[in-house]
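J.: First the structure, which I've put down as structure tokens, then a few questions once you've had a look.
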Amino acid sequence: MSGAPPPVDAGRDAIAEQGRVCALAVRGVRDLQDVTAAHPELFDAAPFDPALLSSVATVVAFIAPWHTAAELRITTRTVLWAFAADWQVDYLARSADDVRQVVTDCLAVADGAAPPPGRHLARLLADLRDELATVPAFARLRPVWRDELARLFAAVSREWDWKNLPTDPSTGRRLPDLDGYLDNADNSACSFVNVTHWIATGDEGTLAQLTDLLHVGRGVQRVLRLVNDLATHGRDAEWGDLNALSLVADPAEVTGRLDELTAHSRAEIADLARSNPRQADYLHRQISFTGGFYQVSDFWGAR
């Protein structure tokens, strides 16, 4: 019998790494349980089920697995906050004034104000702001973070108008075309989550490239918008959400645009990898993980 060690099984090593990433996700879920327990009024709707918390923690763990659970804490909480913001505007707001109140409260918090009593979304945002304030880079990059938050709210407000306001008599249209819809992809909150993640975890080299990272990330954001829409068209129709497939006569237009946008983003990510391979991998993983995830499931629970 030979005393030589058995050959290394690369498959087993890959499985061990997947196990470690899943453990990161478990840590993230437990932290999100603390968040929902501290903000029960914000997460009392049925779609905020345990599987949503698990999905949020899992996606963050898999797109940035080189971080510790503690380092991913702000990112994971920000993704959950984005789901809460979507719910507050898309499903709870009954008027344009309701939407404006949500936006006003949250932008005031971003500017340093205390959240008004009873404004639960603003209260959680204040928690995130205060935790980010412990990161040295936040002092100088706060205006960038605030700008991404404003872009997010401008986009979700615009979508609310598209869904709820009468047809514009000057154009005869209420809903956007596909180009206009994609131009509004900030409503997905991907870019806001990205800037929060990079400020919270980025080294000086990453932070010096923040403008370029946000540019490439915005292209990825458009890809993720269409991946989501192709997978969730049935739910969107049931819930009254906008979806790219409802804006075109031929679904092939959406799949063709997705192919174009994905190829463009992959090329930009490849260019980025020359100067920042870690963040290029982060953006690559966003596309790949989301594409795989939506083949099987959705983030939201049953309404």
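Just so you know, all these numbers are worked out from the coordinates, no wet-lab data involved. Model, not experiment: these values are computed from the prediction. All Cβ positions, even for glycine, are placed from backbone atoms using ideal geometry, and neighbour counts span all protein chains on display.
J.: Mind checking the range 110-144 for trypsin sites (Lys or Arg not before Pro) that DSSP puts in a loop (not H, G, I, E or B) and that have at most 12 other Cβ atoms within 10 Å? Numbers along the way, then the final one.
T.: On the way: sites: R119, R123, R129, R140; in loops: R119.
For trypsin sites (Lys or Arg not before Pro) across the range 110-144 that sit outside H, G, I, E and B with at most 12 neighbouring Cβ atoms in 10 Å, the list is empty.
J.: Taking the Cα centre of the chain as origin, work out the dipole magnitude from +1 charges on Lys and Arg Cβ and -1 charges on Asp and Glu Cβ, in debye rounded to 20. Please list the in-between numbers first.
T.: Working: 29 positive and 42 negative charges, 93 e Å.
I would put it at about 440 debye.
J.: Provide the packing ranking of 99-110, 219-230, i.e. peptides ordered by the mean count of other C-beta atoms within 10 Å per residue, highest first. Write out the running numbers ahead of the final one.
T.: Working: 99-110: 19.4, 219-230: 22.2.
Ranking, from highest mean packing down: 219-230, 99-110.
J.: Subtract the Cα-Cα distance of A51 and W239 from 0.36 nm times their separation in residues, and report this length gain in nm to one decimal.
T.: Gain in length upon complete extension: 65.8 nm.
J.: To continue, here is another question. Please find, in a Gaussian network model of the chain (springs between Cα atoms separated by less than 10 Å), the residue of T58, T36, T76 whose mean-square fluctuation is greatest.
T.: T36
J.: Pick from R94, R27, R218 the residue whose mean-square fluctuation is largest in a GNM of the chain, springs joining Cα atoms under 10 Å.
T.: Most flexible of the set in this elastic network: R94.
J.: If contacts are Cα pairs under 8 angstrom and at least 6 residues apart, what is the relative contact order of the range 137-252 in percent? Spell out each step's value before the answer.
T.: Values: 88 pairs, mean separation 33.1, N = 116.
Worked out over the range 137-252, it gives 29 percent.
J.: What's the ranking of 194-200, 145-151 by average number of surrounding C-beta atoms within 10 Å, highest first?
T.: On the way: 194-200: 24.4, 145-151: 18.9.
Top to bottom by mean Cβ count within 10 Å: 194-200, 145-151.
J.: How far apart, in nm, are two points set 7 Å out from the Cα along the Cα-to-Cβ line at R303 and at D212?
T.: 4.4 nm
J.: Does anyone have the angle between helix 277-293 and the longest principal axis of the chain? Alpha-carbon axes, 0 to 90°, nearest 10?
T.: Taking Cα atoms only, the helix is inclined about 70 degrees.
J.: Another question, if that's okay. If R0 is 35 Å, what FRET efficiency do you get for Q18 and D177 from their C-beta distance, rounded to 0.05?
T.: Numbers: r = 41 Å, r/R0 = 1.18.
It comes to 0.25.
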